[in-house]
Amino acid sequence: MDVQQIIFQFIGGIGIFLFGLKYMGDGLQRAAGDNLRSILNTFTSTPLRAVLAGAAVTALIQSSTGTTVLTVGLVSAGFMSLTQAIGVIMGANVGTTITAFIIGLNISDYALPIMGAGALFLFFFKNQLIASIGQIIFGFGALFYGLDLMGSGLEPLQNLQIFSDLMVRLSDNPFLGIVSGSIMTLILQSSSATTGILQQLFSQGAMTIGAALPILFGTNIGTTFTSVLASMGANLAAKRTAIAHVIFNVFGTILAMLLFTPFTRLLSMLTDAFNLNPALQIAFAHGIFNLLSVGVLIWFTPQLASLVSKITPGEENTIEMYEPNLDYSLIQRSPVFALDQTKHEIIQLGQFVLEEYNTMFDYYLKQDKKSYDHVLKIEDVVDRIDIQITEYLMYISGEDLPAKNSNEHAQMGEIGKYLERIGDHTENILKNIEEVNAAGKIQKKNGNIEDENILYKESLIKLFHLVKQNIEEAVQAYETESHSIAGKVVKREKEVNDLEENIRRTYISNLNKGIGKPSDGILFVDIVSNLERISDHSVKIAKHSLGIRYPFSKQVINTKDEEFVNS
């Protein structure tokens, strides 16, 4: 075989291998569905659970890089603390060894029929789950077919003197091996791919175990570059997660090199005891290396988190500088995770809207310039978040989503708009109050002091408080998926409407009696009207939490107080 054939067969083999690896991972991820979200959101309460969750998700999607990037995104969005994320990253390193063990099974002779079986599932069944299983099977076969081509292309290398000399240099200089493994993984964007190449080279007798192990250790460092890239432009928590990933993998590599001699002896004992083939020797080495790293460093998770915080000191950005943490790489990798991230940002949007309302209410009571300016700044943030959430949801809509998640997607679009409109009405009230106060100052200057200021009647202040409760509880009901809290919002709406009607009636009656000025009254009516609309939007959010608005079918939701029926 000439050099061109070696290069072409190797490149083609690694291309098919990477395709098979990704295609199988995508199929596993689609078949798993909401389980990925459940694993990471539920099972990260302790460092050990976080490790197991990271290992499980990596085994499902067949990519430690994918798990790490997801983790950076989840930390960035506030789903996970830095300590939890460190555990998940440790677990991801363990989970990625599954691929090496799969490769070690060496079933390349059956790769083509496996691909054929997968194609049958893919093209002759419309059921989504069966199609996902077909994708897994096809990707599994492609992975081994690519390995077979890669191995055939690499076989002649053992007879090339220049390659033999390179392997001797790597054996004599472990640092070069670590650097080589890091660079290969950076280029291929997959530690599993680098490990697969190592397994093929070692199986062909083209390198010794002494040359292979440092390269293997270096793959863990190489895989950190992607998480570092994913954290660029993200918030401080995401950057700290990426740095924790780098520190953990570098420390793990240093530990393995310090224990290199006992490590190789243990591997030799296992090889003799279980009669391991060369590919499985690399797989066992990979597994032992990562288990060793996790076994030692898991006890120092809090210290690692503290070290990372010292390396990257600082506090989170102020509200004015806030940017939504919407990771676009999640959309294709896991649209369900992308929806989770969107929900978190909608809840954050709700908190900003509530703060905007509360600050406006402070201005209503005190008329301080600081509160006025702060409302306008928050409104800018609210508008920016709404635009980015809308765009993000638009991209997610291009992905295949289960019916449940499609409803959730539509729900998020509407809730985001309701919150943005609450912000708009809050800004309107702020400007109405400013106009009333400005008019009052002019009247005072001209000596025309009103006997009674209709803007600060007890009934209007009560309306402000009721509307505030509705916003708070609507956002809380959406966040916690609480029917009882949502029911309170819907029930309170009658009180809001009755009070609003009573305020209008009283105002008209007073106006007929000559109390107040029609010019002031226009602003007053605008304020009352905006408050009533804010309450309406809060009720719509609550109804989403009750399930009244989605799905669009008729349904009844029971609470302790009453039934709410979608008509």
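Can you tell me how many residues within segment 363-378 are touching an Asp or Glu at 6+ places or on another chain (Cβ under 6 Å) and buried (at least 21 other Cβ atoms within 10 Å of the Cβ)? Can you show your working first?
Step one: filter segment 363-378 for residues touching an Asp or Glu at 6+ places or on another chain (Cβ under 6 Å), giving 371, 375, 377-378.
Subset that is buried (at least 21 other Cβ atoms within 10 Å of the Cβ): 375, 378.
Total satisfying the criteria: 2.
So, restricting to helices (runs of 4 or more DSSP H) that lie completely within segment 160-261, which ones have at least 1 residues that are open to solvent by less than 20 Å² (accessible area, probe 1.4 Å) and at pLDDT 80 or above? Spell out the reasoning first.
Working: elements: 161-172, 174-188, 191-203, 209-222, 224-231, 236-258.
It comes to 174-188, 191-203, 209-222, 224-231, 236-258.
Quick check on segment 1-10: of everything there that is touching a residue at least 12 places away in the same chain (Cβ under 8 Å) and among the hydrophobic types (A, V, I, L, M, F, W, C), which residue is most open to solvent (accessible area, probe 1.4 Å)?
For segment 1-10, the residue satisfying everything is Phe8.
Cβ-Cβ under 6 Å, sequence separation 6+ or interchain: first residue in segment 367-386 and free of Cβ contacts under 8 Å to residues at least 60 places away in the same chain, partner polar (S, T, N, Q). Which pairs?
Short answer, once both residue conditions are applied: Ser371/Thr359; His374/Thr359; Val375/Thr359.
Could you tell me whether Tyr395 is at pLDDT 90 or above, open to solvent by 30 Å² or more (accessible area, probe 1.4 Å) and part of a helix (DSSP H, G or I)?
Working: at pLDDT 90 or above: yes; open to solvent by 30 Å² or more (accessible area, probe 1.4 Å): yes; part of a helix (DSSP H, G or I): yes.
So Tyr395 passes the test.
Looking at Gly25, Gly33, Gly15 in this structure, which one is modelled with pLDDT under 75 and open to solvent by 10 Å² or more (accessible area, probe 1.4 Å)? Break it down into steps so the answer makes sense when it comes.
Numbers: Gly25 fails: open to solvent by 10 Å² or more (accessible area, probe 1.4 Å); Gly15 fails: modelled with pLDDT under 75.
Only one candidate qualifies: Gly33.
Here are some residues: Leu330, Leu292. Which one is touching a Leu at 6+ places or on another chain (Cβ under 9 Å) and either under 26 Å from Leu198 (Cα atoms) or modelled with pLDDT of 90 or more (or both)?
Leu292
Looking only at segment 104-141, which residues are in contact (Cβ under 8 Å) with a residue 12 or more places away in the chain and open to solvent by less than 30 Å² (accessible area, probe 1.4 Å)?
The answer is Gly104, Ser108, Ala111, Gly118, Ala119, Ser132, Gly134, Gln135, Gly139, Gly141.
Hey, among the residues in segment 462-488 that are charged (D, E, K, R), more than 15 Å from Gly423 (Cα to Cα) and surrounded by 18 or more Cβ atoms within 10 Å (Cβ to Cβ), which one's nearest to the chain's Cα centre (by Cα)?
By that ranking, first place goes to Glu473.
Please work out which residue is farthest from Gly547 (Cα to Cα), limiting yourself to segment 459-484 and to residues that are touching a residue at least 40 places away in the same chain (Cβ under 8 Å) and of a type in the set (A, V, I, L, M). Outline the logic, then answer.
Initial filter on segment 459-484 (touching a residue at least 40 places away in the same chain (Cβ under 8 Å)): 459-460, 463-464, 466-468, 470-475, 477-479, 481-484.
Remaining after also requiring of a type in the set (A, V, I, L, M): 460, 463, 466-467, 471, 474-475, 477.
Values: Leu460: 32, Leu463: 27, Leu466: 23, Val467: 22, Ile471: 18, Ala474: 13, Val475: 15, Ala477: 12 Å.
Looking at residues that are touching a residue at least 40 places away in the same chain (Cβ under 8 Å) and of a type in the set (A, V, I, L, M), I get Leu460.
Within segment 400-426, count every residue that is open to solvent by less than 40 Å² (accessible area, probe 1.4 Å) and either among the charged types (D, E, K, R) or over 22 Å from Val539 (Cα atoms) (or both).
4
Of the conditions (1) under 22 Å from Asp536 (Cα atoms); (2) at pLDDT below 85, Lys445 clears all except one; give me its number.
Evaluating Lys445 over (1) under 22 Å from Asp536 (Cα atoms); (2) at pLDDT below 85 leaves (1) as the failure.
Quick check on segment 496-519. Is at least one of its residues under 20 Å from Leu419 (Cβ atoms) and either in contact with a Lys or Arg (Cβ under 9 Å, 6 or more places away or on another chain) or at pLDDT 90 or above (or both)?
Checking segment 496-519: at least one residue is under 20 Å from Leu419 (Cβ atoms) and either in contact with a Lys or Arg (Cβ under 9 Å, 6 or more places away or on another chain) or at pLDDT 90 or above (or both).
State which residue is nearest to Ile422 (Cα to Cα) when the search covers only segment 337-362 and only residues that are open to solvent by 20 Å² or more (accessible area, probe 1.4 Å) and in contact (Cβ under 8 Å) with a residue 24 or more places away in the chain. Reasoning before the result, please.
At the first step, the residues of segment 337-362 found to be open to solvent by 20 Å² or more (accessible area, probe 1.4 Å) are 343-344, 347-348, 351, 354-355, 358, 362.
Subset that is in contact (Cβ under 8 Å) with a residue 24 or more places away in the chain: 343-344, 347-348, 351, 354-355, 358.
On the way: Lys343: 18, His344: 18, Ile347: 14, Gln348: 14, Gln351: 12, Leu354: 9, Glu355: 11, Asn358: 12 Å.
So the residue we want is Leu354.
The values are calculated or read from the model by the stated rules, or taken from the named source; none is laboratory data. Computed from a predicted model, the values in this text were never measured in an experiment. Methodologically, a virtual Cβ is constructed for each residue, glycine included, from the backbone with ideal geometry; neighbour enumeration extends over all protein chains shown. With ligands, DNA and RNA removed, areas are computed over all heavy atoms of the protein, side chains included. Shrake-Rupley method; radii C 1.70, N 1.55, O 1.52, S 1.80 Å.
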